[in-house]
Amino acid sequence: MNFLKTKRCLIISLLLAVVLVTAGCTGLSDLSKGAVSYSHQADELAVHFLDVGQGDSILIQFPNDSVMLIDAGPDRSGATVISYLKQQGVKKIDYLVATHPHADHIGGMAAVIKEFDISKVYMPKVTHTTKTFEDMLLSIKKKGLKITPARAGLNIFEQDGCLQATFTAPCSSGYDSLNNYSAVVKIQYGSTSFLLTGDAEDLSEKEMLASGMNLQADVLKVGHHGSSSSTTPAFLKSVSPEYAVILVGAANDYEHPHQETLDNLADAGVIIYRTDEEGTIIFVSDGMSVKKV
């Protein structure tokens, strides 16, 4: 009896250890951390910057009731993203954007595509050889969906001149870095706007500046998790945001966000919010002003 009791205790201890280790794995995150209560209102634009660890996932709820999801976090984050979307009452994704093929942005895409009805899929015209990328393409194929290449100047939709979603990058068709293929999305609602930059680096920023597009935004999703390879002073001056959001994992291997980026933002007087410090971050706009929930 003592042997059986000891064996049972050992099994329970091992199971508990597995749970604790799994909860602490890099790239996974608890969306309940710093959770805020929010229910989408019909006249509001809501932008949710999900805490998915070292990766990106952004949910956008438009005042016309349509939904956009930009990226789905790193590998193994699909269930987390799906759970959050369902908590927000999402049943269908009208616009799905994969900014570029890196796993910390598309890791959960296959699971999301399998779970929800999807209307349109956008991604830059670039391929990758990873299983994560292949899994995403396979899930798209199984659903019979078509991919629309994301490119600068392409309108995702426009409604009554006051609500618009547009790609401002990529501006070119060939880059050495996958990051510069990032599909950058600008959301405009009334007099307010958001610029969501994926992992776009300084080369992509220079091209956006040279294009003459209006890049001004109240909220900037800082490129490449706050790396010094993005958010140049010239780009920051053009965007002129009041708020900046950095999607980043705590104690990550890349030391993101880099101090140079934080200094650039501080020098420009931008208010900074980080998912590693605050958890999931939500901004809402009524078309006249933007506020953090």
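The values are calculated or read from the model by the stated rules, or taken from the named source; none is laboratory data. Remember, it's a predicted structure, so these values are computed and weren't measured experimentally. Backbone-built Cβ (ideal geometry, glycine too); neighbour counts: all protein chains shown.
With the condition being under 30 Å from Arg76 (Cα atoms) and modelled with pLDDT of 95 or more, I'd like the helices (runs of 4 or more DSSP H) fully within the stretch 109-218 carrying at least 3 qualifying residues.
Correct list: 109-115, 131-142.
Could you say which residue among Ser285, Ser289 is over 22 Å from His105 (Cβ atoms), in contact with a strand residue (DSSP E or B) (Cβ under 8 Å, 6 or more places away or on another chain), surrounded by fewer than 20 Cβ atoms within 10 Å (Cβ to Cβ) and among the polar types (S, T, N, Q)?
Ser289 is the lone residue from the list that is over 22 Å from His105 (Cβ atoms), in contact with a strand residue (DSSP E or B) (Cβ under 8 Å, 6 or more places away or on another chain), surrounded by fewer than 20 Cβ atoms within 10 Å (Cβ to Cβ) and among the polar types (S, T, N, Q).
Surrounded by fewer than 21 Cβ atoms within 10 Å (Cβ to Cβ) and within 26 Å of Asp253 (Cα to Cα): is that true of Asp75 in this structure?
Taking the combined requirement at face value, the residue satisfies it.
Being of a type in the set (A, V, I, L, M), outside any loop (DSSP other than H, G, I, E, B) and in contact with a Gly (Cβ under 8 Å, 6 or more places away or on another chain) is the filter here; which residues of the stretch 240-262 pass it?
Ile246, Leu262
Can you spot a residue in the stretch 25-45 that is modelled with pLDDT of 95 or more and of a type in the set (Phe, Trp, Tyr)?
No: the stretch 25-45 contains no residue that is modelled with pLDDT of 95 or more and of a type in the set (Phe, Trp, Tyr).
Does the stretch 80-131 hold any residues that are small (Gly, Ala, Ser), farther than 19 Å from Ala169 by Cα and either surrounded by 23 or more Cβ atoms within 10 Å (Cβ to Cβ) or more than 13 Å from the chain's Cα centre (by Cα) (or both), and which are they?
Hits for the stretch 80-131 are Ser83, Gly89, Gly107, Gly108, Ala110, Ala111, Ser119.
Within the stretch 251-276, how many residues are touching a residue at least 60 places away in the same chain (Cβ under 8 Å) and surrounded by fewer than 16 Cβ atoms within 10 Å (Cβ to Cβ)?
Residues meeting the conditions: 2.
Kindly establish whether Asp51 is at positive phi and acidic (Asp, Glu).
Judged against the criteria, Asp51 is not a match.
Contact list please: Cβ distance under 7 Å, first residue in the stretch 112-129 and hydroxyl-bearing (Ser, Thr, Tyr), second residue not in a strand (DSSP E or B), pairs at least six apart or on different chains.
Tyr122/Ala150; Tyr122/Ala183
Against the definition (surrounded by 16 or more Cβ atoms within 10 Å (Cβ to Cβ), in contact (Cβ under 8 Å) with a residue 24 or more places away in the chain, under 28 Å from Asn214 (Cβ atoms) and out of contact with any Pro (no Cβ under 6 Å at 6 or more places or on another chain)), how does Gln164 come out, yes or no?
yes
I'd like to know if the stretch 272-289 contains one or more residues that are more than 30 Å from Ala42 (Cβ to Cβ), among the hydrophobic types (A, V, I, L, M, F, W, C) and at pLDDT 95 or above.
yes
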